[in-house]
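Below is one structure, written out as structure tokens; comments come after it.
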Amino acid sequence: MTAIRAEELLNRKIGRFLTHFANRWSSNPSLKDVLGEVRGSHWKSKVDEIRQLEVRINSDISETHSKELKTKKSKLKSELPAVMISGVGNRKSSARKTEPSFVHSGLLQIDLDMKDNPNLDSQEILKILKSDRHVVACFLSPSGGVKGICAISQIDDDHLGCFLAAEKHFKELGLKIDGQPKNIKSLCYLSYDPNPYIARGDVEVFKAFEVPNEYVDTDTQCHRYASTQRPNNSEEYNILSRLEKVRTKRKIEERVDEWKKRLDPIKDEWILQNWDLIEERYKPMQGCRNHDLCDFIAYSVCRYSEGVCLDLACLMRELWGQVYNDSMKKHMYEAKKQWSACEYSFRGMISRAEKEIYDELNESQKSVFRICKGLSLYEKTNSNRGEFFLSCRELGNRIGVSHEKANRLLNEFSDEFELIKIIEMGKAAGRKATVYRWNT
């Protein structure tokens, strides 16, 4: 088994973010520096308040009161800075087409929540971690659970396999770890613990498990992760002559024009509007189907409902069939698999409290949740953090429903669920959309 000196691991650089809303890291302290900040009293008062709220939430109180306390707790946690234990790199914003660069630290965050380990208290969990050969550090989390940090491979492609190895290892010790840190860019709130555990001597590195198919889309490839590499249909890479390229482009343009002429400008406004966005973003080219599909699905998760996204993916294959040579069946199979993977990544991006709410929603509500959350995270210079504008007509186009139903969904999110707050009402004159603020 590979072992690394604890001193070396403690000097590894990790990303620090001002809040969990931020997409850009603000500094890259060492793990040792972060543990020093946890030991210090800078965040003590806020963390103490969070823990007091957690105790009250777990006591015998009404459901309404519990909801109010959870909302207050989530707000306090969102004011804490966060760190990316597994490395340094920006998180992908909704405006980016490509994944930002990332340098892996060779460290893995593990979260142990008390609700997942009801037969143990935090001190018992800490005792188990302190005696474990893979743990370089551990401390109490803001909500009273436990955060652990383990040594793993510094190869990006090994991250998920190392997480699975850690998950199995701790399960054998009677501990259940949260699944969120399987996301390589998962964030960890800073906390307060005057006595964090820091290992001495050698720390053993988790050896990556082979990732089973349930975690990997083996048909839709991603060049960043070798585990998803499979040979594509060779027909997709037939090389066209220059004359054939000109003819192919003309045929695609004619086919798209014929399709548009068959549509009703009023009834089919939503699909025309969304197709314009696709044509602005992608150019039909030989050999680019897989790249375009992967990028489009990732782009769509926080912009469309699953149904609208898959309809548009199907339309891309149908209208650009001159250069998208894989079968429609394969294309749509990959689109659905990619959607599932991207939605899973979205769940890893949101806070635990938000994830609990998200999992209780129906499909239409989940679409509204993703769209509003995505818009609130979009970094704009002309608005405050967390604020966004959205009209019911625009939302209806994005999720494939009437603007009346979209309006009811937005009212539901603001008035009943209190997930968004109205900052400025929209106006029919000038078609000015309502301004909201994400409220968790």
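Could you tell me the relative contact order of the chain? Use alpha-carbon pairs under 8 Å, at least six residues apart, and round to a whole percent. Could the numbers behind the result be given before it?
Details: 684 pairs, mean separation 61.5, N = 440.
Worked out over the chain, it gives 14 percent.
Taking all Cα pairs closer than 8 Å and separated by 6 or more residues, the relative contact order of region 226-345 comes to 35 percent.
The ranking of E8, E387 from fewest to most other beta carbons within 10 Å of each one's beta carbon is E8, E387.
Residues within the reach of a label modelled at T2 (point 7 angstrom out along Cα to beta-carbon, backbone nitrogen below 18 Å), restricted to region 179-212, are 184, 202-211. Ranked by the mean number of other Cβ atoms within 10 Å per residue, highest first, peptides 200-206, 135-141 order as 135-141, 200-206. Packing, taken as the mean count of other beta carbons within 10 Å per residue, orders the peptides 311-324, 291-304, 114-127, 346-359 from highest to lowest as 291-304, 311-324, 346-359, 114-127.
Taken along the Cα-to-beta-carbon direction at a fixed 7 Å, the label points for K92 and Q52 span 4.2 nm. The label point for K427 and the one for D257, both projected 7 Å from the Cα toward the Cβ, are 4.2 nm apart.
Which value, to two decimals, describes the C-alpha radius of gyration of the chain once divided by 2.2 N^0.38 Å? If you can, show how the numbers build up before the last one.
Numbers: Rg = 24.0 Å, N = 440, 2.2 N^0.38 = 22.2 Å.
In units of the 2.2 N^0.38 Å rule of thumb, it is 1.08.
Apply the a/c threshold of 1.5 to the C-alpha gyration tensor of region 350-438 and tell me whether it is rounded, prolate or oblate. Oblate. If you run the Gaussian network model on the chain, springs between alpha carbon atoms under 10 Å, then out of F417, F388, F209 the most flexible one is F417. In summary, the lysines within cross-link reach of K260, defined as a Cα separation below 16 angstrom excluding same-chain residues under 8 places away, comprise K251. The Cβ shell under 13 Å around E306 holds other residues with a net charge of +3, Lys and Arg each +1, Asp and Glu each -1.
Based on alpha-carbon centroids, what's the gap between region 137-208 and region 19-38 in Å, whole number please? Here the answer is 16 Å between Cα centres.
Since every read-out is calculated from the coordinates, none of them should be taken as a lab result. Every value quoted in this text rests on a predicted model; they were computed, and no experiment measured them. Glycine also receives a Cβ, built like all others from the backbone with ideal geometry; neighbour counts cover every protein chain displayed.
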